[in-house]
Amino acid sequence: MVKDPPDDDVVPPRSERVRQAVAARLRAGGTGTTSTPDGTGATEGAASQAEAVPEQAVVFPPPPPADRWVEDVLGAGFEARTLPLHDDDEGEVVATLVRHVPVSDPEALTGTPSTPTFTVLYVHGWNDYFYHREQAREWSALGGAFYALDLRKYGRSLRSHQTRGYVENLSTYDEDIHAALEVLRAEHGVGTDLVLVGHSTGGLTTALWAHRHPGALRALVLNSPWLELQGTSLLRTLSTPLVGSLARLQPRSVLPTADPGFYQRALMGWTEADGPVPAGSEDDPFVTGWNPEPAWRTSPAAPIRAGWLAAILAGHAQVAAELEISCPVLVMTSGRSFVSPRWSQQMRETDTVLDVEQIRRRALQLGPLVTVARFDGAIHDVTLSAAAVRRRVYAELRRWARAYVLR
């Protein structure tokens, strides 16, 4: 078994490659290696993410209409609609809103209220989209009207003419979020409490939105938010001018990365190589697989582009300068991070994407009222961890919501 390296050696060596790769691109116009934004790491000589299948070659499920709700690809109990947005330099732009309808969901949790008392809007991370049925059911059982947003150029909102996940400023997503909120307010009233939930890069996006919109939220919940470049703030300071220079000259240029696919492997379920299935969990999605749509959550991950990375670094700098989020904030992380060039069973019970110690340090700079919850045995998305871990996650979420969300 691969041993867990000391914390000081886990993340910084990978993040140093961000600076090295950008400098190499500026000098030589196209070589080098960098760490991916989903933290999967990079090794010299690995295949470039530029070799990923282009969107034009991917067959996507048909998009939902813009004028009404229809059954979503998640099946009974989930509905979706397209949110038209302003065009950009690539053409048509949309977001997609998904809602949970407990009365139509045969697996809705017993005791789910028929009349919600607050609304929830979930925002996904990089190379991701919404497929978290269990999380929707848990929020609905708490009394929330649950909605999830597939941001522009991700998941249900990705179109063949677009660059996957690409923006040059995280505030661009304000339009997506505001379009979703228009629907929520139309369906539940302007004064209904709103809880915003963000995962990973979506955690950074939602934290910055909450900072810019004081008084808009009842609460903010962040699931392993990407609040700082892996490594140190000094590395971000050194990398930012290099990334910024490349972003100005060639904003869509690809920074070659390597994705060993370990986090994706953890999401896809147990394999024979993992040994005997833990007793009592044979039918649990952590074992059978969460089975994300491969056209929407790709492996290897989508290419990283200079303009997008510059936007992320700018967001990290804002967090480092301290935010003033006025509502209560819950930050959830795994108990520890683990990185290795080889697969290990420890990757099924640790965050293999981000540095959780770094997340917890940065969390204290989000606002005056921040709760940090650490879950031993959790993976990067704590709500997709093993069943016993998820039970602890939702028990803590319910306890926190009773204190800061429910009236």
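The values are calculated or read from the model by the stated rules, or taken from the named source; none is laboratory data. Here the structure is a predicted model, which is why all the values come from computation and not from measurement. Positions of Cβ are backbone-derived with ideal geometry, glycine not excepted, and every protein chain shown enters the neighbour counts. Note: areas computed on protein heavy atoms with side chains; ligands, DNA, RNA excluded. Shrake-Rupley method; radii C 1.70, N 1.55, O 1.52, S 1.80 Å.
Once backbone amide H atoms are built at 1.01 Å from N, A95 has L83, L85 as its partners under 5 Å, excluding neighbours fewer than 5 places away on the same chain. For Y394, the solvent-accessible surface computed with a 1.4 Å probe is close to 10 Å², ligands and nucleic acids excluded.
Stretching the chain fully between A216 and L364 yields a gain of 51.2 nm (0.36 nm per residue, less the alpha carbon separation).
Summarising the amide proton neighbourhood of A373: residues at separation of 5 or more, or on other chains, whose placed amide H is nearer than 5 Å comprise V331, M332, T333. Once both labels are positioned 7 Å from their Cα atoms along Cα-to-Cβ, the gap between L249 and V103 label points is 6.0 nm.
Between the amide H of Y122 and those of Y147, A148, L149, V197, distances stay under 5 Å, these residues lying 5 or more places away or on another chain, with hydrogens modeled in the peptide plane.
Across region 268-279, coupling constants 3J(HN,Hα) worked out from phi with the 6.51/-1.76/1.60 Karplus curve, θ = phi - 60°, read 8, x, 6, 10, 4, 5, 7, x, x, 5, x, 4 Hz, and Gly and Pro carry x.
Remark: region 136-146, residue by residue, has Karplus-estimated 3J(HN,Hα) of 4, 5, 5, 5, 4, 5, 6, x, x, 7, 8 Hz, where x stands for each Gly or Pro and the curve is 6.51 cos²θ - 1.76 cosθ + 1.60 at θ = phi - 60°. Each residue was assigned an accessible area with a 1.4 Å probe, and for V190 the value is about 120 Å². Once both labels are positioned 7 Å from their Cα atoms along Cα-to-Cβ, the gap between S281 and V190 label points is 4.8 nm. Taken one residue at a time, the phi angles of region 397-407 give Karplus couplings (6.51, -1.76, 1.60, θ = phi - 60°) of 4, 5, 5, 5, 5, 5, 7, 10, 10, 5, 9 Hz. Gly and Pro are set to x. Sorting 381-391, 220-230 by average packing, meaning the other beta carbons within 10 Å per residue, from highest down gives 220-230, 381-391.
Distance between the modelled labels on H161 and A395, one decimal in nanometres: 5.2 nm (7 Å Cα→Cβ projection).
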